[in-house]
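Undergrad: One structure follows; several queries about it will come next.
The values are calculated or read from the model by the stated rules, or taken from the named source; none is laboratory data. Note that the structure is predicted; figures quoted are calculated from it, not measured. Heads up, the Cβs are rebuilt from the backbone with ideal geometry, glycines too, and the neighbour counts pull from every protein chain shown. These accessible areas exclude ligands, DNA and RNA; they are computed on the full protein's heavy atoms, side chains included. Shrake-Rupley method; radii C 1.70, N 1.55, O 1.52, S 1.80 Å.
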Amino acid sequence: MTYEFDKIVDRRGTNSLKWDVSEGELPMWVADMDFQVAPEIKAAILKRAEHGVFGYSIIPKEWYDAYIKWWDRRHHFRMEKDWLLFVTGVIPAISSAVRRLTAVGENVLVQTPVYNQFFTSIVNNGRNVAEAPLRYDEQNYYIDFKELEQKLADPDTTLMLLCNPHNPVGKIWDKETLAKIGELCFKHHVKVLSDEIHCDLTAPKREYVPFASASELCRNISVTCITPTKTFNLAGIQTAAIAIPDEVLRHKMQREIMIDDVAEPNAFAVDAAIAAFNEGEAWLDALRDYVDGNKRLVSTFLKENLPDIKIVHAEATYLVWLNLSTLQGSGKEIGGFLREKTGLYLTDGGLYGRGGENFLRMNLACPRSVVEDGLRRMREGIAAYKKL
């Protein structure tokens, strides 16, 4: 089946966070797609809508089966039904974990640059951010395990938020790396919440490794956040899950998400997730090929037209991480200038913590003509910026 990823869908006037911008601006910032969902998902939602009654919903066996079969088939990891708990989203789950698994004033460790909502979930709940920055050698990102252990060894550090694959740098952590993280966290009595929301958005023929599958230690100390929302562009449906193999840890999290009122599905959450995992595989594979084509377009364009901007090699996500370090000015300054001068709206890398200050993040989950428009605006804007 052919999917219309080149089709322009006008999202203005739809209360879209991404597209609630001024006329003439081109938003390529927040991580949601400009593509319509897979036809099978749309059909499932329409079927549910046509029923016309939207009372309280339960979690049926089919929902559990959809997650279990997908992770078994796509990621070679067999989950058990009892491990899975419904939540309305990954961020609510992270905030619940911070509240339940740490105490006020304790440290939650993150590896910067990392998804900015991690900081919000930590600070808003009265905990402290402990940063163990990733190292960057101008080619790849890697973990400084000596520094990581130093931060984990602090008795006030009780939880680590792992981004797997890592947003915004697009890194897929291998099994050995994940197992090493698990060993260190176990040694220092630190639990791990693994945010795996981007796990299905890997490059074609690439796979990610679930943290809980890396070792028995990893499985026993982990809370894993998984969802079809990023993969299938369903963020507005508010449907996700947490997988927790350890019974005691699962009991704690189950109590917290009930207290926080983030454990009840809306009328469309179950049907959309089941349709995505049971029927959306062909659409996803086509999407990954299309996004990969967009990334190759950006890479070639920058080499030929903007050699001062380096694209960081990404193994996952539909985002690109742009290195501006050879230009004068921070990502915030250059990104602000691009938006004001050309309307191109990218995300300031400084929002992702230490190590992101000289970067911009660009969302490529959009039709190729939109990517081309964004690149033209970038070329125009950088030329003007250099003349300042």
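Undergrad: With springs only between Cα atoms under 10 Å apart, run a GNM on the chain and tell me which of Leu193, Leu338, Leu360 wobbles the most.
TA: In the Gaussian network model the winner is Leu338.
Undergrad: So how much slack lies between Ala267 and Asp154, counting 0.36 nm per residue of separation and subtracting their Cα-Cα distance, in nm?
TA: Fully extending the segment from Ala267 to Asp154 adds 36.3 nm.
Undergrad: Return the long-range amide H neighbours of Thr157 (sequence gap of 5 or more, or a different chain), with a cut-off of under 5 Å between placed amide H atoms.
TA: Close amide H contacts, sequence-distant or interchain: Asn107.
Undergrad: Using modelled amide H (1.01 Å from N, peptide plane; none on Pro or chain starts), what sits under 5 Å from the amide H of Asp144, excluding residues fewer than 5 places away?
TA: Long-range HN contacts for Asp144: Arg135.
Undergrad: Considering only protein heavy atoms, what per residue accessible area in square angstrom results for region 211-290 with a 1.4 angstrom probe? If you can, show how the numbers build up before the last one.
TA: Working: 2950 Å² over 80 residues.
That works out to 37 Å² per residue.
Undergrad: Taking Cα centroids, how far is region 119-148 from region 19-88 in Å?
TA: Answer, in whole Å: 29.
Undergrad: Can you compute the helix-only [θ] at 222 nm over the chain? Use -39500 (n - 2.57) per DSSP H run of at least 4 residues, normalise by all residues, nearest 500 deg cm²/dmol.
TA: After summing the helix terms and dividing by the residues of the chain, the value is -12500 deg cm²/dmol.
Undergrad: Given a Förster distance of 30 angstrom, what is the FRET efficiency for Glu281 paired with Asn15, based on the Cβ-Cβ distance and rounded to 0.05?
TA: Details: r = 30 Å, r/R0 = 1.00.
With a Förster radius of 30 Å, E is 0.50.
Undergrad: Still on this structure: Within 10 Å, count the other beta carbons around each residue, average over each peptide in 226-235, 133-142, and list them highest first.
TA: My ranking of the peptides, most packed first, is 226-235, 133-142.
Undergrad: Right, next: Calculate, for region 88-168, the solvent-accessible area per residue in square angstrom, rolling a 1.4 angstrom probe over the heavy atoms of the protein chains.
TA: The answer is 36 Å² per residue.
Undergrad: Now for a different question. Looking at the P(r) of the chain, how many percent of alpha-carbon pairs lie beyond 28 Å?
TA: Roughly 46 percent, once rounded to a whole number.
Undergrad: A further question on this structure: How many percent of all Cα-Cα pairs in region 49-150 sit more than 16 Å apart?
TA: 72 percent
Undergrad: Then there's this: Could you work out what % of the accessible surface of the chain is carbon and sulfur, using a 1.4 angstrom probe and leaving DNA, RNA and ligands out of the count?
TA: Result for the chain: 49 percent of the exposed heavy-atom area is carbon or sulfur.
Undergrad: Next question, about the same structure. Ignoring solvent entirely, what values of log10 I(q)/I(0) come out of the Debye formula for region 296-378 at 0.19, 0.25 Å⁻¹ when each Cα is a single scatterer?
TA: Log10 I(q)/I(0), no solvent term: -0.82, -1.48.
Undergrad: Now for a separate question. Provide, in order from the shortest bin, the percent of all Cα-Cα pairs of region 126-281 in each 5 Å bin, continuing until the bin that contains the maximum pair distance.
TA: 2, 8, 15, 19, 20, 17, 11, 6, 2, 0
Undergrad: Compute the distance in nm between two label points, each set 7 Å from the Cα along the Cα-to-Cβ direction, one at Glu183 and one at Glu4.
TA: So the two model labels end up 5.3 nm from each other.
Undergrad: Rounded to the nearest 10 Å², what accessible area does Ile59 show when all protein chains are kept and the probe is 1.4 Å?
TA: Solvent-accessible area, nearest 10 Å²: 40 Å².
Undergrad: Continuing with the same structure: Under 18 Å from a point 7 Å along the Cα-to-Cβ line of Val123: which residues of region 141-185 have their amide N that close?
TA: The answer is 161, 168, whose backbone nitrogens lie closer than 18 Å to the label point.
Undergrad: Still on this model: What full-extension length gain, to one decimal in nm, is calculated for Glu138 and Ala49 as 0.36 nm per residue of separation minus the Cα-Cα distance?
TA: 27.1 nm
Undergrad: Of Pro210, Pro27, Pro165, which has the largest mean-square fluctuation in a 10 Å C-alpha GNM of the chain?
TA: Maximum fluctuation in the GNM of the chain, among the listed residues, is at Pro27.
Undergrad: Shifting gears a bit: Classify region 245-388 as rounded, prolate or oblate from the Cα gyration tensor: take a ≥ b ≥ c as the square roots of its eigenvalues, call it rounded if a/c is under 1.5, otherwise prolate when a/b beats b/c and oblate if not.
TA: Prolate, since a/c reaches 1.5 and a/b exceeds b/c.
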